[in-house]
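Colleague: Mind looking over this structure? Questions follow.
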Amino acid sequence: MSATATAAPVLAARSLGWVVGGAVILAEVDLDVRDGELLAIIGPNGAGKSTLLHLLSGVRRPTSGTVELGGRDVTRASAAARARHGLGRTFQTSSLFGGLSARENVRLAVQSRRAGPLSVLRGAQGRAELAESDALLEQVRMTHRAGATAGELSHGDKRKLEIAIALARRPSVLLLDEPMAGVSVEDVPPLVELIGGLRAGGVSVGMVEHHMDVVLGLADRVAVLHHGSLLAVGSPAEVTADAAVQQAYLGEEL
Ligand SMILES: Nc1ncnc2c1ncn2[C@@H]1O[C@H](COP(=O)(O)OP(=O)(O)OP(=O)(O)O)[C@@H](O)[C@H]1O
């Protein structure tokens, strides 16, 4: 039994569903991210993976079911409120300020956590904020790129910077939407190391990812979505041996 097999859920979907225009995009999904684990969410294109992240993080409201964060019902809470209560996330499309440096991007996130977004408008200077920003850049191995503008970074470095920004808000659970998308082959191993190390820093992770070698190497558990329903959830070995999962991926590499 793995160390996280009996850990408490930090984030949970309970019978979660989303219906739009009569189409059932997500149906009755019961799934949790447990304390200290890395849960990977996989599934063929259009399975509902991003929708699930949107519902969990409050970007979209479910049409049925509930979301619990740290044991409390946050179904009606906004994305900002969930973020304040420890839920971080990154998006498939980059959310960086391309014209600002990597350090400035992280510093804005640090500032907004420390004093609320208005402090950014006041242009508050703070040694502590700078030190914290630099520590976050160090944590994601980006110190050497601190002065580079975000727009000129490689895809791999952009993903690292986005994780640093998410960590600036000190999340207890972090949702990553396809962190390896567009990342060059040589940038994959450092990103895998960074994401794998988040658990040791006390951050539980829910990660949507298509790269199976990355998923199988990193995840404590894997959840498989198919046509909006949860097909299987278990250890990487259990899931890859599952006949229904193999059927869903027929013709695709698993
Ligand atoms: N706002 C919307 N209105 C109607 N249909 C939507 C909407 N958003 C998503 N869908 C549909 O819901 C389904 C699931 O989409 P979603 O993006 O969650 O899938 P996914 O598993 O993340 O796919 P991919 O791996 O391609 O990113 C798709 O068929 C998509 O077209």
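No value in this document is a laboratory result; all are computed from the given coordinates. Computed from a predicted structure; not experimentally measured. Note that each Cβ is placed from the backbone with ideal geometry, even for glycine, and that neighbours are counted across all protein chains shown.
Colleague: For the list (1) within 16 Å of the ligand (Cβ to nearest atom); (2) farther than 24 Å from ALA166 by Cβ; (3) touching a residue at least 40 places away in the same chain (Cβ under 8 Å), I need the number of the one condition that SER50 fails.
Modeller: (2)
Colleague: While we're looking at this one, here's another question. Give just the number: which of (1) surrounded by fewer than 20 Cβ atoms within 10 Å (Cβ to Cβ); (2) more than 16 Å from the chain's Cα centre (by Cα); (3) aliphatic (A, V, I, L, M) does LEU225 not satisfy?
Modeller: (1)
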